[in-house]
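Undergrad: My structure is below; once you've seen it, I'll send some questions.
The values are calculated or read from the model by the stated rules, or taken from the named source; none is laboratory data. If you're wondering where the values come from, they're calculated on a predicted model, not measured in any experiment. Cβ atoms come from the backbone with ideal geometry, glycine included; neighbour counts cover every protein chain shown. Quick note on the areas: whole protein, heavy atoms, side chains included, nothing else; ligands and nucleic acids left out. Shrake-Rupley method; radii C 1.70, N 1.55, O 1.52, S 1.80 Å.
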Protein chains: 4
Amino acid sequence: MAGDKPVFLVLGAGAGIGGHAAARFVAGGYHAVLARRSDEEGLARLVTQIEQAGGSATGTLLNASEDGTIEELVERVERDIGPIDCALYNLGAQIGNRSLEETPHRTFELGWRLGCFGLFRLAHAMLPAMVERGKGTLLVTSATAAVRGNAGQHSHAAAMGGRRMLCQTLNAEFAPKGVHVAHVIVDGAVDSPDTLGKMLGDRFEAFKDAKGEDGVVDPGALAETYWHLAQQPRNCWTHEIDARPWLDVPWWNDNPSPAIDTRK
Amino acid sequence: MAGDKPVFLVLGAGAGIGGHAAARFVAGGYHAVLARRSDEEGLARLVTQIEQAGGSATGTLLNASEDGTIEELVERVERDIGPIDCALYNLGAQIGNRSLEETPHRTFELGWRLGCFGLFRLAHAMLPAMVERGKGTLLVTSATAAVRGNAGQHSHAAAMGGRRMLCQTLNAEFAPKGVHVAHVIVDGAVDSPDTLGKMLGDRFEAFKDAKGEDGVVDPGALAETYWHLAQQPRNCWTHEIDARPWLDVPWWNDNPSPAIDTRK
Amino acid sequence: MAGDKPVFLVLGAGAGIGGHAAARFVAGGYHAVLARRSDEEGLARLVTQIEQAGGSATGTLLNASEDGTIEELVERVERDIGPIDCALYNLGAQIGNRSLEETPHRTFELGWRLGCFGLFRLAHAMLPAMVERGKGTLLVTSATAAVRGNAGQHSHAAAMGGRRMLCQTLNAEFAPKGVHVAHVIVDGAVDSPDTLGKMLGDRFEAFKDAKGEDGVVDPGALAETYWHLAQQPRNCWTHEIDARPWLDVPWWNDNPSPAIDTRK
Amino acid sequence: MAGDKPVFLVLGAGAGIGGHAAARFVAGGYHAVLARRSDEEGLARLVTQIEQAGGSATGTLLNASEDGTIEELVERVERDIGPIDCALYNLGAQIGNRSLEETPHRTFELGWRLGCFGLFRLAHAMLPAMVERGKGTLLVTSATAAVRGNAGQHSHAAAMGGRRMLCQTLNAEFAPKGVHVAHVIVDGAVDSPDTLGKMLGDRFEAFKDAKGEDGVVDPGALAETYWHLAQQPRNCWTHEIDARPWLDVPWWNDNPSPAIDTRK
């Protein structure tokens, strides 16, 4: 179905990072397989856009938190579409700020299922074939919560902290087998209609305006960075990279304090 | 049952870190509650040792990976023994080095249940009462795998990476409410008969000998550091600290290379 | 002059961290040598306080940025007073927030001389004797700027970043020779009349009040942590530890945002 | 002299990273200015290669450790050649592994002059014009020693640790003014004839062979990453990125240990 094209598989293919990454890889000669949990119509629209631009893509709905689903998808793609050359794990687990009391056990567990376990399952199902072929790339969208745990982020940060360490253990085992694993710390709000847009609803445009000119990450720009990572030859692989808008204060910085703030 | 003594609760009370920490806090005037998964006899021995030294302690078996167990324990201690002033989450999730293929889904999930979710459950059950009292300490034994993911450590590192971020989110929410959360990175082998000792069996003594003089962490020494952390006044709280034997190469260092290793 | 007492040497012995550390080590049986750049009267007061409390101490003025001074001091102490068992490098390089334009070359260089080079010089002069004796401790007061570079902190952060890496290289070489090097990240304002107090002048009391109850690090409390570090047996050495008041937001955290802050 | 072309300035323009970056930017439409300390002939060769490929470049010798030199170069380029759109600070300070005793004061100071102070001086001299133009990029080649201090790396690590923090303070001040600062952690040996090649001499080819196929970073591949960073639009800027060959163990990992290595 992909013909001779290499396959790019994206889990979490909304109109933001996932969709733009798919479009970028298609522009580079890939067949894209887009998987997302819901909104069949939105999914069809992404596939149609890619086809109208002269590319080829497949869309599929997927409940990644359910056992067996990622495994079935990988098997199906490898069998019916073609060898997966590059995959992007783009599922988020952000639920906004909630106190510990407002974070029930099942929420914390679901955060882990999407934020960490799903990546493990994808790796488990997909990497053996890549190792056999001696090459492949696993890109992982990550978040600031992977490197620091802010108040209210119990579920998200615990999941993302696990995701980051898992990317390191995967890289440690699979880089010498030819598989490139890259962990991308997105340290700023992204112009994603299907995630941030839906969370903010009517307030989305005002939110973006308040961020200033070029104050929100364009998912198309981020997709170029993903493409670059996937093009790096194996003598020069990046494992971790961050990205944010110019006007955003990086996660490790405070806003400059007017008063003297000794020893900080 | 604890009389006027403050209560020190330890989850993962073997003959290593957990048992020594309990003994140290008892020496400092606490009543200790020791919880561990199995070996009723070994548990009774720890309690007896404490009592023979003039202290008071309670032992209880606990399957921490099972729903409701940690919750029931916290409730029981608060109701029947006394207010928990300090708790130590000392459950490990180390299973040795295993390739991804040798790490089945259920192993990865169990690692998370013990390494990350159990701490979340303890915090959920215990912190509200500490907040109400305006004080309390949560000590968390952690491992090198919380800060770097080595080959073969998929399950352990993903769990510990989540544990570390969770300690940060707990600290962010609860420090300003009077609860001290401290994350202790144990970056070396510990002289623990019930964990490392059982894993290595006959080879344990040879392993320690090979490490050299004072080459393995004495859990009694580490217990002093735990005690110090719990004594810090709230104007000067440590959130993260590491510890290792003098002869161990810290996790961020390589052994010095004889050849020139440019740019490393 | 120190008799049989081990010697504690502190560079940067004001009325804050340095003075309190000296008093704590004296209480633990040490003879203290206090060195500071200026204020002979303040220095004499610290020595007198120690003597009136039944301890012994020596005070000396020292321009640490000048070549040969640290070297001469170490030689003099070892020859005339006694073997240095523990030293605290407590010289700061904080000059408040200044833009790049307001940070001339000589300021940046002086920051390095005090913040980084002085520690190198102390290590160079002092560690050989400790290695010969097979034991010793080098405590280093450090700052948030050692782990993140905030706006306006060009000089301070570049110096402290170098200081932190130097502590790691010193530890890597000297821990296996019996010398304990510990890097203490003070991530909060300290109640230091001679540094922060002089910088803020009349505003110091208002500054502390605004921080809330126990909102500023008590240097006496921090001195207890220094003392603990110096007591750790060599099977269980801490290399890095942080400390801050309970109400302070740790350097890696933002203040919780009321709005949804996706992916942060 | 550059005509309408934007100018790419590289400090440390040998036949490795610096020369390849220059060639890459020239291929992208830039005029390159190559500065290096010595080897006028090698420099002329790089310029000729660029011109023969149809590009334009200027070569200049520069003793970056001497006061006024970087400043004069920036002024000359801006005045005589054209506005600097992108600069690469590519000066190293690696001197191989040396014990503290074998690292004299002047060596440590020179490491800082090249590894940290030179970058500060470049920023001081160059950034005001970039701010005035509202755009510009400062790329900084860095090393593993910026994030961990290995044994024997006193001079290099202290300089690089300062360099990394300085990149953060520069980014904090200048990103919101339109200047992109990126810190590139090169965590592997580079195929650089003028630096590593000269250090290893006859052993260089054997060294590369021992690293395995694609076991050494191709500076041309790294130059593509530099180019990508300079192309990122300001809504999506990377501040820190690492790179290494696939067969290299990342700095945070150990080689997998055959034995059980608990808690590491």
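Undergrad: Scan region C:199-220 and tell me whether some residue there is under 18 Å from C:Ala87 (Cβ atoms) and open to solvent by less than 40 Å² (accessible area, probe 1.4 Å). Don't jump to the end; show me each part of the working.
TA: Here is the first cut: in region C:199-220, the residues under 18 Å from C:Ala87 (Cβ atoms) are C:219.
Next cut, open to solvent by less than 40 Å² (accessible area, probe 1.4 Å) only: C:219.
Yes, the conditions are met somewhere in region C:199-220.
Undergrad: Consider region C:172-194. How many of its residues are under 16 Å from C:Ala230 (Cβ atoms) and open to solvent by less than 10 Å² (accessible area, probe 1.4 Å)? Before you say what the answer is, go through the steps one by one.
TA: Initial filter on region C:172-194 (under 16 Å from C:Ala230 (Cβ atoms)): C:174-175, C:178-184.
Then drop every residue that is not open to solvent by less than 10 Å² (accessible area, probe 1.4 Å), which leaves C:175, C:178-184.
Selection size over region C:172-194: 8.
Undergrad: Of the numbered conditions (1) touching a helix residue (DSSP H, G or I) at 6+ places or on another chain (Cβ under 6 Å); (2) open to solvent by 40 Å² or more (accessible area, probe 1.4 Å); (3) more than 30 Å from B:Gly212 (Cα to Cα), C:Arg79 fails exactly one; give the number of that condition.
TA: All conditions are met except number (1).
Undergrad: Hey, A:Arg133 hits all of (1) within 12 Å of another protein chain (Cβ to nearest Cβ); (2) among the basic types (Lys, Arg); (3) in contact (Cβ under 8 Å) with a residue 24 or more places away in the chain but one; which does it fall short on?
TA: For A:Arg133, the failing item is (1).
Undergrad: Okay, next question. Could you list, ordered by first residue, the pairs with Cβ atoms under 8 Å in which the first is in region B:83-106 and within 14 Å of chain D (Cβ to nearest Cβ) and the second is acidic (Asp, Glu), at least 6 apart or interchain?
TA: Partner pairs satisfying both residue conditions: B:Asn97/D:Asp261; B:Ser99/A:Glu173; B:Leu100/A:Glu173.
Undergrad: Looking at the structure I just gave you, is C:His124 open to solvent by less than 10 Å² (accessible area, probe 1.4 Å) and not basic (Lys, Arg)?
TA: Values: open to solvent by less than 10 Å² (accessible area, probe 1.4 Å): no; not basic (Lys, Arg): yes.
Criteria not met by C:His124.
Undergrad: Let me ask something else. Name the residues in region A:35-48 that are surrounded by 15 or more Cβ atoms within 10 Å (Cβ to Cβ) and under 22 Å from A:Asp80 (Cα atoms), would you?
TA: Residues of region A:35-48 surrounded by 15 or more Cβ atoms within 10 Å (Cβ to Cβ): A:35-37, A:39, A:42-43, A:46-47.
Result: A:Ala35, A:Arg36, A:Arg37, A:Leu43, A:Leu46, A:Val47.
Undergrad: Let me spell it out: the conditions are (1) within 30 Å of A:Pro6 (Cβ to Cβ); (2) modelled with pLDDT of 95 or more; (3) more than 9 Å from chain D (Cβ to nearest Cβ), and A:Trp251 meets all of them except one. Which number is the exception?
TA: Unmet condition: (1).
Undergrad: For region D:45-64, state whether one or more residues are within 30 Å of D:Gly152 (Cα to Cα) and β-branched (Val, Ile, Thr). Please lay out each step first, then the result.
TA: Taking region D:45-64 as the starting set, the residues that turn out to be within 30 Å of D:Gly152 (Cα to Cα) are D:62-64.
Remaining after also requiring β-branched (Val, Ile, Thr): none.
No: region D:45-64 contains no residue that is within 30 Å of D:Gly152 (Cα to Cα) and β-branched (Val, Ile, Thr).
Undergrad: In addition: Can you pull out the residues in region A:107-117 that are closer than 15 Å to B:Phe108 by Cα and facing chain B (nearest Cβ under 8 Å)?
TA: A:Glu109, A:Trp112, A:Cys116, A:Phe117
Undergrad: Just one of A:Ala2, A:Ala93, A:Ala23, A:Ala32 is surrounded by 19 or more Cβ atoms within 10 Å (Cβ to Cβ) and under 25 Å from A:Ala145 (Cβ atoms); which is it? Explain how you work it out, then say what you get.
TA: Values: A:Ala2 fails: under 25 Å from A:Ala145 (Cβ atoms); A:Ala23 fails: under 25 Å from A:Ala145 (Cβ atoms); A:Ala32 fails: under 25 Å from A:Ala145 (Cβ atoms).
Among A:Ala2, A:Ala93, A:Ala23, A:Ala32, only A:Ala93 is surrounded by 19 or more Cβ atoms within 10 Å (Cβ to Cβ) and under 25 Å from A:Ala145 (Cβ atoms).
Undergrad: Considering (1) open to solvent by less than 10 Å² (accessible area, probe 1.4 Å); (2) in contact with an Asp or Glu (Cβ under 6 Å, 6 or more places away or on another chain), say which one B:Gly115 fails and leave the rest.
TA: Of everything listed in (1) open to solvent by less than 10 Å² (accessible area, probe 1.4 Å); (2) in contact with an Asp or Glu (Cβ under 6 Å, 6 or more places away or on another chain), B:Gly115 misses just condition (2).
Undergrad: Could you please let me know if C:Ser192 is of a type in the set (S, T, N, Q) and within 15 Å of C:Asn90 (Cα to Cα)?
TA: For C:Ser192, the condition - of a type in the set (S, T, N, Q) and within 15 Å of C:Asn90 (Cα to Cα) - is met.
Undergrad: Let me ask something additional. Can you go through C:Phe25, C:Phe120 and tell me which one is among the aromatic types (Phe, Trp, Tyr), closer than 22 Å to D:Arg106 by Cβ and at pLDDT 95 or above? Outline the logic, then answer.
TA: Details: C:Phe25 fails: closer than 22 Å to D:Arg106 by Cβ.
Selected residue: C:Phe120, the only one of C:Phe25, C:Phe120 that is among the aromatic types (Phe, Trp, Tyr), closer than 22 Å to D:Arg106 by Cβ and at pLDDT 95 or above.
Undergrad: How many residues does region B:163-213 contain that are among the aromatic types (Phe, Trp, Tyr) and either under 16 Å from the mean Cα position of the chain (by Cα) or within 23 Å of B:Leu139 (Cα to Cα) (or both)? Can you show your working first?
TA: Residues of region B:163-213 among the aromatic types (Phe, Trp, Tyr): B:174, B:204, B:207.
The next check asks that each one be either under 16 Å from the mean Cα position of the chain (by Cα) or within 23 Å of B:Leu139 (Cα to Cα) (or both); those that pass are B:174.
Counting residues in region B:163-213 that are among the aromatic types (Phe, Trp, Tyr) and either under 16 Å from the mean Cα position of the chain (by Cα) or within 23 Å of B:Leu139 (Cα to Cα) (or both) gives 1.
Undergrad: May I pose another question? Is it true that some residue in region C:132-146 is surrounded by fewer than 24 Cβ atoms within 10 Å (Cβ to Cβ) and part of a helix (DSSP H, G or I)?
TA: The answer is yes; a qualifying residue exists.
Undergrad: Mind listing whichever residues of region D:133-168 are over 15 Å from D:Val184 (Cα atoms) and not small (Gly, Ala, Ser)?
TA: D:Arg133, D:Lys135, D:Asn150, D:Gln153, D:His154, D:His156, listed by residue number.
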